[in-house]
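Participant: Before I ask anything, here is the structure I am working with.
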Amino acid sequence: MYTTSKHHHYAATPPMGWNSWDCYGASVREDEVRGNAAYMAEHLRDYGWEYVIVDIQWYEPGANSSQYRPFVPLEMDEYSRLQPAANRFPSAANGQGFKPLADYVHSLGLKFGIHMMRGIPRQAVHADTSLLGTNITARQIAHPNSICPWNTDMYGVDASKDGAQQYYNSLFDLYASWGVDFVKVDDIAASRIYGIHLDEIKLIHHAIEQCGRPMVLSLSPGPAPLEHAGPLAEHANMWRMTDDYWDLWHLLYEMFERCEKWAPHARDGAWPDCDMLPLGHLGIRSVDGGGSDRWTRFTRDEQVTMMSLWAIFRSPLMFGGEMRDNDEWTLSLLTNEEVLSLHRNGRGARQLYREQDRIAWTAQGDDALYVALFNASDQEDTVAVTLAQLGLADAPLVRNLWTRENLGSLNELSFSLPPHGSLLLKLT
């Protein structure tokens, strides 16, 4: 049985924000973070968007895309803790870390987040550097056989060793001093080699609890194992249900099944995560997802389908594109108050039925029933749901949330939908 603890209040509704990975890979710079933060404050903050997140390898001076440079020197302090590369984040010079950048984000009424890799830097272990708050050293807590298969920066931490908790405590004390509100921890929810790293998840959870600052804990990558839904919810606020998700139809198609399985496990403060929204201008310095500098490859119908599924399922919403390049269409997907109200306040989301590629979802609102109809096939098709299936006796008033149109009182919900298309309806 789930219990609610203090950390669940840090993300009472699914977090909404921007993450630098989809457009800048590992190479984002301070001016780009500040620019996107300013855009969010002006155009999105009033709709509930609030997190500005610097993704992986902010401590790597030479990072230039989403392809990692293996075994290169990283910026690190004397206590084995990685630091922002000052050539990319000038305000971090002279040991200031991310505090000046976080202060700027906070001044806009927003929250600041960073990415970190599970473990301890390999260069700290090889040099056997100090750990803050203990006479144990880096080599004594390292787990050199616990590596990340796709990034060479870190060794795992052996949770059974004295000093392991102190090391993670020192990291999160540092992040708290910077003003960090959100931490995305990678190579931890699932690993291509070892599965889930529950021991390190627990170390990180305790480190956040002791640091004195509320921080949302996000776990990556996926797919997180369904059988660990309980411990994931107990220790984190969100966890990835999927490996990296990109603007490819087959990845969106596969998400329906993932959402169906994880829907019973979503609850206030603990959110299964569909991953980022690859919308708008992507791949500026990222070659992941089989693409380069591009506009999203999703059709407009696919973009609406993705937003509708993420909204009714209540996934965290993390926009991945360069926001300053958003066109009116892309901005409209992020600023529909009626869709965002469902995302914020929906309850009990579940797949009502699936017949081949005709899919219906439903969720309960405060004063309404929400229905999402999806045509996941490659041809136009009719998707329908009856009042009996919805447990309704009388014809409801039906509203199309994306077009903001009232469709009148309907005895049957039956609609012809384009390939990969959808409808998001509110019934009162």
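The values are calculated or read from the model by the stated rules, or taken from the named source; none is laboratory data. What you see is a predicted model; the values in this text were computed from it and never measured. So basically every Cβ, Gly included, is an ideal-geometry build from the backbone, and we count neighbours across all protein chains shown. When the accessible area is computed, the model is the full protein with side chains, heavy atoms only, and any ligands, DNA or RNA have been set aside. Shrake-Rupley method; radii C 1.70, N 1.55, O 1.52, S 1.80 Å.
Participant: Any idea which of (1) over 17 Å from the mean Cα position of the chain (by Cα); (2) more than 12 Å from Val183 (Cα to Cα); (3) open to solvent by less than 10 Å² (accessible area, probe 1.4 Å) is the one Glu234 doesn't satisfy?
Facilitator: With (1) over 17 Å from the mean Cα position of the chain (by Cα); (2) more than 12 Å from Val183 (Cα to Cα); (3) open to solvent by less than 10 Å² (accessible area, probe 1.4 Å) applied to Glu234, the lone miss is (3).
Participant: Which pairs have Cβ atoms under 6 Å, sit 6 or more apart or on different chains, and link a residue in the range 15-28 that is in contact (Cβ under 8 Å) with a residue 40 or more places away in the chain and part of a helix (DSSP H, G or I) to one that is surrounded by 24 or more Cβ atoms within 10 Å (Cβ to Cβ) and of a type in the set (Asp, Glu)?
Facilitator: From residues that are in contact (Cβ under 8 Å) with a residue 40 or more places away in the chain and part of a helix (DSSP H, G or I), the pairs are Trp21/Asp55.
Participant: In the range 319-362, what residues are polar (S, T, N, Q), under 20 Å from Ala41 (Cα atoms) and part of a helix (DSSP H, G or I)? Reasoning before the result, please.
Facilitator: In the first step, residues of the range 319-362 are kept if they are polar (S, T, N, Q); the result is 326, 330, 332, 335-336, 341, 345, 351, 356, 362.
Then drop every residue that is not under 20 Å from Ala41 (Cα atoms), which leaves 326, 330, 332, 335-336, 341.
Matches in the range 319-362: Thr330, Ser332, Ser341.
Participant: Among what's in the range 234-266 and is in a helix (DSSP H, G or I) and in contact with an Asp or Glu (Cβ under 7 Å, 6 or more places away or on another chain), pick the residue that is nearest to Pro316 (Cα to Cα). It would help to see each step written out before you state the result.
Facilitator: Step one: list which residues in the range 234-266 are in a helix (DSSP H, G or I), which gives 234-235, 249-265.
Those left that are additionally in contact with an Asp or Glu (Cβ under 7 Å, 6 or more places away or on another chain): 249, 252.
Values: Trp249: 20, Leu252: 15 Å.
So, considering only residues that are in a helix (DSSP H, G or I) and in contact with an Asp or Glu (Cβ under 7 Å, 6 or more places away or on another chain), the one nearest to Pro316 (Cα to Cα) is Leu252.
Participant: Right, here's the next one. If you go through the range 173-199, how many residues are out of contact with any Pro (no Cβ under 8 Å at 6 or more places or on another chain), modelled with pLDDT of 95 or more and part of a loop (DSSP other than H, G, I, E, B)?
Facilitator: Total meeting the criteria: 4.
Participant: Let me ask something else about it. Name the pairs whose Cβ atoms lie under 8 Å apart, with the first residue in the range 62-78 and open to solvent by 60 Å² or more (accessible area, probe 1.4 Å), the second of a type in the set (Val, Ile, Thr) and in a loop (DSSP other than H, G, I, E, B), and 6 or more positions between them or separate chains?
Facilitator: Once the first residue is open to solvent by 60 Å² or more (accessible area, probe 1.4 Å) and sits in the range 62-78, its partners that are of a type in the set (Val, Ile, Thr) and in a loop (DSSP other than H, G, I, E, B) give Gln67/Val287; Glu78/Thr129.
Participant: Which residue is modelled with the lowest pLDDT, if the candidates are limited to the range 290-303 and must be assigned to a helix (DSSP H, G or I) and open to solvent by 20 Å² or more (accessible area, probe 1.4 Å)?
Facilitator: Looking at the filtered set, the residue picked out is Gly290.
Participant: Another question, then. Which residue pairs have Cβ atoms under 9 Å apart, sit 6 or more places apart or on different chains, and have a first residue in the range 403-428 that is within 18 Å of Leu390 (Cα to Cα) and a second that is basic (Lys, Arg) and open to solvent by 40 Å² or more (accessible area, probe 1.4 Å)?
Facilitator: If the second residue must be basic (Lys, Arg) and open to solvent by 40 Å² or more (accessible area, probe 1.4 Å), the pairs left are Leu407/Arg399; Leu425/Arg399; Lys426/Arg399; Leu427/Arg399; Thr428/Arg399.
Participant: Then there is this: Which one of these is out of contact with any strand residue (DSSP E or B) (no Cβ under 8 Å at 6 or more places or on another chain), small (Gly, Ala, Ser), open to solvent by less than 10 Å² (accessible area, probe 1.4 Å) and modelled with pLDDT of 95 or more: Ser170, Ser220, Ser160? Write out each step before concluding.
Facilitator: Details: Ser220 fails: out of contact with any strand residue (DSSP E or B) (no Cβ under 8 Å at 6 or more places or on another chain); Ser160 fails: open to solvent by less than 10 Å² (accessible area, probe 1.4 Å).
Result of the check over Ser170, Ser220, Ser160: Ser170.
Participant: Taking Tyr104 as the residue in question, decide whether it is open to solvent by 10 Å² or more (accessible area, probe 1.4 Å), closer than 22 Å to Leu217 by Cα, in contact with a helix residue (DSSP H, G or I) (Cβ under 8 Å, 6 or more places away or on another chain) and part of a strand (DSSP E or B).
Facilitator: It is false that Tyr104 is open to solvent by 10 Å² or more (accessible area, probe 1.4 Å), closer than 22 Å to Leu217 by Cα, in contact with a helix residue (DSSP H, G or I) (Cβ under 8 Å, 6 or more places away or on another chain) and part of a strand (DSSP E or B).
Participant: What single numbered condition from (1) closer than 23 Å to Leu219 by Cα; (2) open to solvent by less than 20 Å² (accessible area, probe 1.4 Å) fails to hold for Thr330?
Facilitator: Of the numbered conditions (1) closer than 23 Å to Leu219 by Cα; (2) open to solvent by less than 20 Å² (accessible area, probe 1.4 Å), the odd one out for Thr330 is (1).
Participant: Given the residues Pro73, Pro14, Pro61, which is the only one that is farther than 27 Å from Pro121 by Cβ and not hydrophobic (A, V, I, L, M, F, W, C)?
Facilitator: Details: Pro73 fails: farther than 27 Å from Pro121 by Cβ; Pro61 fails: farther than 27 Å from Pro121 by Cβ.
Within the list Pro73, Pro14, Pro61, the selection yields Pro14.
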